[in-house]
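Below is one structure, written out as structure tokens; the observations come after it.
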Amino acid sequence: MTDRFQVVPAAYVLLRRQTPTAEEVLLSLRRGTGYMDEHWAHAAAGHVEADESVHAAAVREAREELGVTIAESDLEPLCAMHRTHGNGRPIDERVDFFFACRTWSGDPSLMEADKAAELAWFPLNALPDPVVPHELAVLDAIRAGTLAPIITFGFAGR
């Protein structure tokens, strides 16, 4: 028998709003994390903690990172992503759950300045550069209308 494969689960929340000219998404500029620093990313995201549902993790991350309150019922499932860095390290084997949210309480603000340098709204059709690659794959698929319920990233041929 071989060792069982393990993955790290994470929740991502994409705040979306419609303006008179475009649909916009809220992104943060990563800094000081040691992972993809100086890349734009979903403004609220993080690991699912022990004994926590992915929905509860998404709500918690939005509160901790943006200072907003989201009801679990306002989370719109976008997709699940199974991804790898291909290095065999358990920390780099992931299952990510992406949610959109169009309704929240409070004004989004940068709550963890030690992990992000900036918070900004961008039109979905005019994203900044660079964006964390696996997150950009989701944003590009949303924009193209081709987002599948389950996607992979980092595997051979993907």
Q: Could you grab the pairs with beta carbons closer than 8 Å, sequence gap of 6+ or different chains, first residue in the stretch 119-130 and hydrophobic (A, V, I, L, M, F, W, C), second one part of a loop (DSSP other than H, G, I, E, B)?
A: 119/43; 119/108; 119/109; 119/110; 120/128; 122/128; 124/22; 126/22
Q) Do we have residue 51 as exposed (fewer than 12 other Cβ atoms within 10 Å of the Cβ), out of contact with any Phe, Trp or Tyr (no Cβ under 6 Å at 6 or more places or on another chain) and without any contact (Cβ under 8 Å) to a residue 24 or more places away in the chain here? A) yes
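For the stretch 96-118, which residues satisfy the criterion of being in contact (Cβ under 8 Å) with a residue 60 or more places away in the chain and hydrophobic (A, V, I, L, M, F, W, C)? First the steps, then the outcome.
Of the residues in the stretch 96-118, the ones in contact (Cβ under 8 Å) with a residue 60 or more places away in the chain are 96-102, 104, 108, 110, 114-118.
Within the stretch 96-118, 97, 98, 99, 100, 101, 104, 110, 116, 117 meet the criteria.
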Q. What are the residues in the stretch 80-91 that are over 16 Å from the mean Cα position of the chain (by Cα) and either free of Cβ contacts under 8 Å to residues at least 24 places away in the same chain or within 15 Å of residue 147 (Cβ to Cβ) (or both), if any?
A. 87, 88, 89
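Just so you know, all these numbers are worked out from the coordinates, no wet-lab data involved. A quick note: this is a predicted structure, and the numbers were derived from the prediction, not measured. Cβ sites come from the backbone with ideal geometry, for glycine too, and all protein chains shown count toward neighbours.
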